[in-house]
Amino acid sequence: MGLLSDMAVGSERRLVAARAALADDELRERCAALPPVPRLRLSAAGFDLIAELKLRSPALGDLSARTLDPVARLRGYAEAGAAICSILTEPSRFDGDLSHLRQAARALAPYGVPALRKDFLVDPYQVLEARANGAGGVLLIVRMVERERLVAMLDTAAEQGLFVLLEAFDADDLAIAADLAAERRGRDEQVLMGLNCRDLQTLQIDFARFGRLRDRLPGEWPAVAESGVITPGDAAVVAGLGYRLALVGTTLMQRDDPAQAARELLAAGRGAAR
């Protein structure tokens, strides 16, 4: 699996270290003392943006040059209308940290925009960890763990009131996701179904994947186009295919005016939404 294999090893190491510092029961108690998480709200306009704060990309390297004030960038995303802000917490390849998640959650709270913990999570403990550090949602990757553990992570997110962005890369991932969606129909939970068009071996973008696999995404969950949305035209294409949201990171990080970039993507997507 290349990148995902490396990330799984690192995530397991971080999990062991975190548990040594704070036991599961103690972490769960911390979560129980927190106020309820507001439910994710999507716009009636039919298309929304998950705007990402990403300091480093495995494909393009350091993206931090224009991020001397990450809080200002996050506020720009929120003011432009982003529904979610995605925060990388993986340290080795993305320069992320849980402190970034806490900082983001505080900055976004006045806008009612949730922070998504984007990481390579491998255990329900890390879902609780996200909740304890201010997240409103978590990324879970279909092929990252065996099905039983993935279900446990979905259950933990639902118990904590967190939304889930469930990420797939190919038809096999989507078949598993469709089975899960059918099994979980009627549950009180919020799940978004993401399709990532990046090749995990080459790190190249295959934008055509969004159209090729669109009909394989489970209809129970709003569809999210991940990676590959660079221009307003791209946003219009995926919205026209029926994707309800797009996750955009590198493109926004490379713009000096992230709020304007977000507005342009939203306007194009909403104009084409079906």
**Message:** Can you go through Arg106, Arg117 and tell me which one is among the charged types (D, E, K, R) and over 21 Å from Met7 (Cβ atoms)?
**Reply:** Arg106
**Residues that are under 20 Å from Leu200 (Cβ atoms) and not in a loop (DSSP other than H, G, I, E, B), drawn from the stretch 224-237** = Val224, Ala225, Glu226
**Request:** Look through Arg131, Arg149, Arg185, Arg143 and report the one residue that is outside any strand (DSSP E or B) and either surrounded by 22 or more Cβ atoms within 10 Å (Cβ to Cβ) or of a type in the set (S, T, N, Q) (or both).
**Result:** Arg131
**Fill in**
Per the list (1) touching a Leu at 6+ places or on another chain (Cβ under 7 Å); (2) part of a loop (DSSP other than H, G, I, E, B); (3) over 25 Å from Gly2 (Cβ atoms), residue check on Leu200 breaks on (3)
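Confirm whether Arg117 is in a helix (DSSP H, G or I) and basic (Lys, Arg).
Details: in a helix (DSSP H, G or I): no; basic (Lys, Arg): yes.
Spelling it out, it is not the case that Arg117 is in a helix (DSSP H, G or I) and basic (Lys, Arg).
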**Complete:** Expected output for the stretch 60-88 (first residue crowded, with 19+ Cβ neighbours inside 10 Å, partner among the basic types (Lys, Arg) and modelled with pLDDT of 95 or more, Cβ below 6 Å, 6+ apart or cross-chain) is Ala80/Arg263; Ser86/Lys118; Leu88/Lys118
**Asked** Arg41: under 23 Å from Asp188 (Cα atoms) and either surrounded by fewer than 19 Cβ atoms within 10 Å (Cβ to Cβ) or aromatic (Phe, Trp, Tyr) (or both), yes or no?
**Response** yes
**Request:** Can you confirm whether the stretch 27-34 contains a residue that is closer than 23 Å to Thr156 by Cα and modelled with pLDDT under 95?
**Result:** no
**Asked** If you go through the stretch 225-233 one residue at a time, do you hit one that is without any contact (Cβ under 8 Å) to a residue 60 or more places away in the chain, surrounded by 21 or more Cβ atoms within 10 Å (Cβ to Cβ), farther than 21 Å from Gly2 by Cβ and not aromatic (Phe, Trp, Tyr)?
**Response** yes
**Request:** Examine the stretch 40-58 for a residue that is at pLDDT 90 or above, charged (D, E, K, R) and out of contact with any Gly (no Cβ under 9 Å at 6 or more places or on another chain), and state whether such a residue exists.
**Result:** no
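The values are calculated or read from the model by the stated rules, or taken from the named source; none is laboratory data. Given the structure is predicted, the values throughout are model-derived calculations rather than measurements. All Cβ positions, even for glycine, are placed from backbone atoms using ideal geometry, and neighbour counts span all protein chains on display.
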